[in-house]
Amino acid sequence: MKIREKIIGGYALALGTALLGTGLGIWLGNHYQYQAIQIQKQAIADHKLLSGLQVKILYNRPAKQLTPLLQNREAFSREGQALTERVKDIQTLLDAQNQSSRGTAIPGLDPLLQEYGGTVAQFLSQAETFVQETGRLIAQGKSAEAEKAVVQLVKSPGFKAFIEFPDQLKPFYETAETLETQADERLWEAGRLRTQIILGSLAFSLALGALLALLISRTIARPLQELTDISLRVTQESNFDLQAPVRTQDETGILAQSLNQLIGRVRELLAEQQKYTQALEQAKGAADSANQAKSEFLSNMSHELRTPLNGILGYAQLLGRSSLGAQADHGVEIIYQCGAHLLTLIDDVLDLSKIEARRLDLTPQPVHLPALIQGVAEICRVRADKKGLRFEYEPDPRLPEAVWADEKRLRQVLINLLGNAIKFTDQGRVGLDVRPEENGRLTFSVTDTGVGLAPEEQKKLFRAFEQAGDAKQRAQGTGLGLAISQRLVGLMGGAIQVDSQPGRGSRFWFSVELPPAPNWGEEVRRHQGRQIIGYEGERRSLLIVDDRWENRAVLKDLLELLGFTAAEAENGRAALAVLAEQTFDLIITDIVMPVLDGFEFLRILRDDPALKGHKVIVSSASVSNMDRQKSLDAGGDDFLPKPVEVETLLSLLVEHLGLNWRYGDDEPAPNPSPTQERIPPGEEIERLLALTRDGRLPAFAEIASALAERDPRYGPFLQRALTLAKHFQLDDLETFLTEALKNSVPND
């Protein structure tokens, strides 16, 4: 007999026995349980019948219900009708029960109910007659006789027999409760018996199945156990040299042969996999090295590009705080905007890694929308002018003053779209249009009269590293701009769309919802048009730690103009030497420095009990979140990205030093005309005039103070000059010194 036949026969017998035993057990259990349920239903029905009769009978009280209504015939008629309806309900209930073939389970109750049915019928007839006659008496105004009729009804034998029936039902009610309780107990016992019968039948079936399995195992299980042991040893010990013994020629023997073949095939595959794994590890190592090199390159290039930009943008902001004339001020602003644009392009390179990690997000803040758009237009107008293109932008008067938006990302998208329009337009115009829509959204549109795009080029326009145009134009970009812009606009809740025809130009537009920022104007007006000239309180001292002289110079010049005392150190070790001789209110330190970098400097500073109380702001061109968090974890109190934004620096100074700024309009401006007091010699005035024209105000203040100490008679004159310098009124200061130079005398 084959294994299949043995197994089928054994399991068929076991299954038949299990089904027969289990089915018989279930039938017996259900039979007992069904009987208990029927008894319980009967007990519940009897209890419910008696309870309903008691309630319906006792609710009828003619003396209380009808006597107060003897003065109102209509009310009496309604209540009398209700009385007869309630009696009819009782009669209906009794008729249904008495006519039912089921009867009750309480001995002696059915005859009593039959008898009471006649009593209810008699009282119903009596009640209907009473209601009619009493109603006539009330209508005739015979209230006293009507009241006697009510009393007679209550005292009548029919009413007594009707109303006293619940007293007769009391022993039957108690019996019904007892029967219901007994029925519940019997049902529980029946359920327990049913469970015992079913479990017993299952146990019998399992015992029989175990016996059959024991008998079958002598011919089947033993060779299968050998195969199982071999399989476990192969998997647990990873020993693929093992072989299963082939003892029979039946299915077990065939299975043993197949297992041996499988073990041999796995042994071959493992050998091949080991070779593949080694090659994969080598490739992975090369890829990791390339990826690490790319990340390091991006980080280093970002740092190296941001470092010179720190000087450019820093001194552009310093020059912007001085009055150099309308044309010069406009030029300084263009320098700053172009530098900021270059900084944005550097950030675009870093966005590539964020796109790969899918971590590109937005940080909305209140933004002055007209100024943002005008700044973008000024940057792109310069590029358009260089190509001889007409740049068109007309501000819409309906634009909101301020909105919640990510200024950096919105500017990035607009500059990218306008830059592409200028790049692909050789003649004609490039236009920017921003208009509010009725649904509260803003639509940004960029149009040009350039080469246009064919339909097949439009399909791949927003893919990364895809570029349109001829080879010369494609060489001007990376192909990432539109892909990044589309992702950014998507985060804003919109999508860039394009309408273009070859040779006729293109139009790129998108619509986004930028919520208004109503409180922005109040915050701006606090500083708008006011020049910070210093701060209240005692003079504060700061230490600037940076290995690049231009970075130190930017911060030092700015801080000294505001009245701070600024010291310098070119690395962490030099800073520790300075701190050993002097304490400072605040330290601004770079991260990447020779000799002793910023992280090690912070560690030493925080471990030294005498120095750890210093507040430290970490300023670095490495602006990744990892570097920012690492700086704070190392002990920095805050982070200042490079290139340094003046407003950001001023905010950090207020936060960490608790400053109150003084503004130029807090003091009356001095009269710029020279006075009759004694003025310095002509050579000294010429020296001061040259420093003024060069914008070297710290050196101007130092020389002027030295002259005042050398000869107190120059004090009033020099004080006027220093006041003009302090208010950054360089044009007035130059006029003041020029007039004084005409009245000066040569040096003795």
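If I take R0 = 60 Å and measure r between the Cβ atoms of Lys284 and Asp694 in this structure, what FRET efficiency does the formula 1/(1 + (r/R0)^6) give, to the nearest 0.05?
Values: r = 59 Å, r/R0 = 0.98.
Efficiency at R0 = 60 Å is approximately 0.55.
Given the peptides 130-138, 109-117, arrange them by the average over their residues of other C-beta atoms within 10 Å, most packed first.
Listed from highest to lowest mean packing, they are 130-138, 109-117.
With a 1.4 Å probe and every protein chain left in place, work out the accessible area per residue of region 33-177 in Å², rounded to a whole number.
Value for region 33-177: 55 Å² per residue.
Which FRET efficiency value, to the nearest 0.05, do you get for Ala454 and Glu513 by plugging their Cβ-Cβ distance into 1/(1 + (r/R0)^6) with R0 = 25 Å?
For R0 = 25 Å, the calculated efficiency reads 0.15.
Compute the accessible area per residue over region 359-427, keeping the other protein chains in place, probe 1.4 Å, unit Å².
Per-residue accessible area for region 359-427 comes out at 47 Å².
Sort 419-425, 268-274, 24-30, 564-570 by packing, meaning the average of other beta carbons within 10 Å per residue, with the highest value first.
In decreasing order of mean packing, 419-425, 268-274, 24-30, 564-570 become 419-425, 564-570, 24-30, 268-274.
Would you kindly derive the ³J(HN,Hα) couplings of region 559-567 from the backbone phi angles with the Karplus curve 6.51 cos²θ - 1.76 cosθ + 1.60 (θ = phi - 60°), listing them in order in whole Hz, with x for Gly and Pro?
Per-residue couplings from phi come out as 5, 5, 5, 8, x, 8, 9, 10, 10 Hz.
So if each residue of separation counts as 0.36 nm, and I subtract the Cα-Cα distance between Gln629 and Lys142, what length gain in nm does that give?
Gain in length upon complete extension: 165.1 nm.
Could you please state, rounded to a whole Å, how far the C-alpha centre of region 135-165 is from the C-alpha centre of region 369-424?
Using only Cα atoms, the two centres lie 102 Å from each other.
Ordered by residue, what ³J(HN,Hα) values in Hz, to whole numbers, does region 67-79 give under the Karplus form 6.51 cos²θ - 1.76 cosθ + 1.60, where θ = phi - 60° and Gly and Pro are x?
Couplings: 4, x, 9, 5, 8, 10, 4, 5, 5, 5, 4, 5, 5 Hz.
Hey, rough spin-label estimate for Gln257 and Glu189, points 7 angstrom out along Cα→Cβ, what's it come to in nanometres?
6.7 nm
Quick one: length gained pulling Gln427 to Ile44 fully straight, 0.36 nm per residue minus the C-alpha distance?
Once the chain is fully extended between Gln427 and Ile44, it gains 127.9 nm.
Hey, any idea what the orientation-averaged projected area of the convex hull of region 536-614's Cα atoms comes to, in nm²? Write out the running numbers ahead of the final one.
Working: hull surface 20.4 nm².
Mean orientational projected area (region 536-614, Cα hull): 5.1 nm².
Report the charge-dipole magnitude of region 37-80 in Debye, nearest 20, computed about the Cα centre from +1 at each Lys and Arg Cβ and -1 at each Asp and Glu Cβ.
Approximately 20 debye in magnitude.
For Glu74 and Arg539, compute 0.36 nm times the residue count separating them, minus their Cα-Cα distance, and round to one decimal in nm.
Result for the pair: 157.3 nm of gain on full extension.
Cα convex hull of region 1-151: mean projected area in nm², to one decimal?
Details: hull surface 57.7 nm².
About 14.4 nm², averaged over all directions.
So how do 696-703, 553-560, 223-230 stack up, highest first, on mean other-Cβ count within 10 Å? Let's see the in-between values first.
Values: 696-703: 16.9, 553-560: 19.9, 223-230: 15.1.
In descending order of packing, they fall as 553-560, 696-703, 223-230.
Using a 1.4 Å probe over the heavy atoms of the protein chains, calculate the carbon and sulfur portion of the accessible area of region 106-248 as a whole percent. Spell out each step's value before the answer.
Details: 4860 of 8690 Å².
Carbon with sulfur: 56 percent of the solvent-accessible area.
What FRET efficiency comes out for Arg713 versus Glu739 if R0 is 22 angstrom and r is the Cβ-Cβ distance? Round to the nearest 0.05.
Between Arg713 and Glu739 the formula returns 0.70.
The values are calculated or read from the model by the stated rules, or taken from the named source; none is laboratory data. Predicted model only: the values in this text are computed from it and were never measured. In this analysis, Cβ positions are derived from the backbone assuming ideal geometry, glycine residues included, and neighbour counts consider all displayed protein chains. When the accessible area is computed, the model is the full protein with side chains, heavy atoms only, and any ligands, DNA or RNA have been set aside. Shrake-Rupley method; radii C 1.70, N 1.55, O 1.52, S 1.80 Å.
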